Amino acid sequence: MYTKIIGLSIVIALGLISLRKGWVDFLGLISGFVVGGSIVLLGDLKAFLPMMAFYLSGSLATKLKYKRKVQKEAAQPKGGARSWQNVFANGLMPVVFLVLWRTLGSERWLFAYIASVSASIADTLSNEIGVLNPSPPRLVTRPWMEVDPGTSGGVSPLGFLVALVAPFLLGSLTSAVGLVGSNPVLFSTITGFFGSLVDSIIGAEWQALYLCPKCDKITESKVHRCGTQAKLIKGYSWLSNDLVNLIMSGTTGLVGYLISVRFI
Ligand SMILES: [Zn+2]
């Protein structure tokens, strides 16, 4: 009971700080309250702390060298402020897995939860830190092709390293708070790396990619940051970056559920 009150207080405080710092916009804040509040109520502080670690590290990494990312056209739009779509892209499936854990009772759904959060932290941090790799990234499905930093599906040595280290650290935190009965470090590392790979492959093959006719720049958004309507040049127009993250987080959670028997 007391830990839930502490958890909910952290959710509210973190939300208000995030709004002031420009990490979220208003609807992003409300969505954050819904996702964060649900996780505290369903899974208590033990489940919330790993998600909080993802959120804080993701926000800080997005702001890291933001100006340099803007120059490379690899920065998140709106100064990095998360919208409600961004929040649900990474937050919806973890909540679903906690609901399944509560209703069905199997600890394997808690592992699905860990897997989906691991995938999000591996994917977000490897994207945000990986764009700072000194040499240009290569397309994951065609490694002989160099692409511009920030292009979906682009991978780099630095990105791969972060995609292993970030979920390893998340697993260590999850282990420290004792969310599950056994040690989830290896499980978290494997599923996190898998998730970021899934994200890169979907991003490389099917995600919508646009060309701004005015700036002659490739972008992932329908409207380029200069305000010009961009033209679809590759992928499906409905497959946005947020939807790719949602698919990645759900798929990794289900894979985590399936392989969790080896880790319990
Ligand atoms: Zn433009």
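Every read-out reported here was derived from the displayed coordinates using simple, explicitly stated rules and does not represent laboratory data. Small disclaimer: the values here were computed from a predicted structure and weren't measured. Don't worry about glycine lacking a Cβ; one is built from the backbone with ideal geometry, like all the others, and counts go over all protein chains shown.
Compared with the alpha-carbon gap, the fully stretched path from L19 to L254 is longer by 81.4 nm at 0.36 nm per residue. Note on M145 and V223: the extension gain reaches 25.5 nm, defined as 0.36 nm multiplied by sequence separation minus the Cα-Cα distance. Projected onto planes of every orientation and averaged, the convex hull of the alpha-carbon atoms in the chain covers 13.5 nm².
Other residues lying with their Cβ under 12 Å from the Cβ of R138 contribute a combined charge of -1, Lys and Arg counting +1, Asp and Glu -1. For the chain, a Gaussian network of Cα nodes joined below 10 Å ranks A122, A166, A53 by mean-square fluctuation, and the top entry is A53. Taken along the Cα-to-beta-carbon direction at a fixed 7 Å, the label points for L232 and L27 span 2.1 nm. Distance between the C-alpha centres of segment 170-213 and segment 123-156: 16 Å, rounded to the whole angstrom.
Once you keep just the Cα pairs under 8 angstrom separated by 6 or more residues, what percentage relative contact order results for the chain?
20 percent
For the chain, the mean residue ellipticity at 222 nm estimated from helices alone is -22000 deg cm²/dmol, where every DSSP H run of n ≥ 4 contributes -39500 (n - 2.57) and the total is divided by all residues, rounded to the nearest 500. The gain in end-to-end length when the K67 to L164 segment is fully stretched comes to 32.3 nm, 0.36 nm per residue minus the alpha carbon separation. Over all projection directions, the Cα-based convex hull of segment 5-110 averages an area of 6.8 nm².
Summing Cβ point charges (Lys, Arg +1; Asp, Glu -1) relative to the Cα centre of the chain gives a dipole of roughly 560 debye.
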